[in-house]
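The values are calculated or read from the model by the stated rules, or taken from the named source; none is laboratory data. On a predicted model such as this, the values are computed, not experimentally measured, just so you know. Backbone-built Cβ (ideal geometry, glycine too); neighbour counts: all protein chains shown. Surface areas here come from the heavy atoms of the whole protein model, side chains and all, with no ligands, DNA or RNA. Shrake-Rupley method; radii C 1.70, N 1.55, O 1.52, S 1.80 Å.
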Amino acid sequence: MTEMTIVHLLRHGEVHNPRGVLYGRLPGYHLSETGRRMAEIVAKAVAGRDIVAVWSSPMERAQETAEPAAQALGLEITTDERLIEAGNVFEGLRMTGGDTVFRDPRSYRHFRNPFRPSWGEPYREVVGRMKSVVDDARAAARGHEALLVSHQLPIWVIRLAAEGRRLWHDPRKRQCALASLTSLTFEGNRLISVGYSEPAGALLREVAQPQGEAALFEQADAALPEALRAHPEEAGATLPGAVRLDTEAMRVDPEQTATGPEDEETPGPRAMPGA
């Protein structure tokens, strides 16, 4: 009988961010009180599962989210740089109030190609490193389950790749809430399903602070349409596109993944996870 392996991708809980900045990879951003409660709820939800490995992004918020689950499971946390947040040129800048990046038209140049995207780490590169870490976690937990704590964008784009969807998307429409689980189920080396759940969903209504990159785009209504108009040949396709789960492997199909002119020579990962 073929072995079943599940790799759970857990987004960290709410972060204490009173200034409303895009914290990205900046050090010193820890879970809020609500975020810690989220982590405890997730720990209780996964305590009875057959999880044999807990890996985490090196960022404090991810480590603090992983800790209660690791304790409940009696496991050590393995820190892996590949699970880190995506890079972003707006890191450290405020997302709310009167002095946000969208008050300055000079910032709009960073939105010239939302398909790459031009404001941060290319989606294909994020998929490549997430593919690699999922591969390794699946191998380490073969026949069991693994829990990987990461961030919204990395989790969302690897899900898009898994489902055969375009990597470009509206950041405000990601299905990857705080402390949510995106679960990849493999039969042997084949990806057979992608699941999603929100164990701490009842606490989401208590979240009042801007969280993650997606919050940056709440005020992007001027910049994003301008960028989309600059690439009509790419913007003509549906967003986010039809779900097409590739049950043989997780891959980035060049015919299904829109890219910008600056990204045309960047090869994308061809198979996920591969034997």
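Please compute the volume of the convex hull spanned by the alpha-carbon atoms of segment 4-225 and report it per residue in Å³.
Residue-normalised Cα hull volume stands at 107 Å³.
Label-point separation (nm) for HIS30 and ARG172, each offset 7 Å from Cα along Cα-to-Cβ?
In this crude label model, HIS30 to ARG172 measures out at 3.3 nm.
Please compute the Kirkwood hydrodynamic radius of segment 54-185 from all pairs of different C-alpha atoms, in Å with one decimal.
Roughly 16.2 Å, rounded to one decimal.
Cut-off 18 Å, label point 7 angstrom out along Cα-to-Cβ of LEU75: give me the residues of segment 176-191 whose amide nitrogen falls inside.
The answer is 179-188, whose backbone nitrogens lie closer than 18 Å to the label point.
Over segment 4-225, with the other protein chains present, what is the accessible area per residue in square angstrom, probe 1.4 angstrom?
On a per-residue basis, segment 4-225 sits at 37 Å².
May I ask you to compute the full-extension gain from ASP50 to ARG205, defined as 0.36 nm times their residue separation minus their alpha-carbon distance, rounded to one decimal in nm?
52.8 nm
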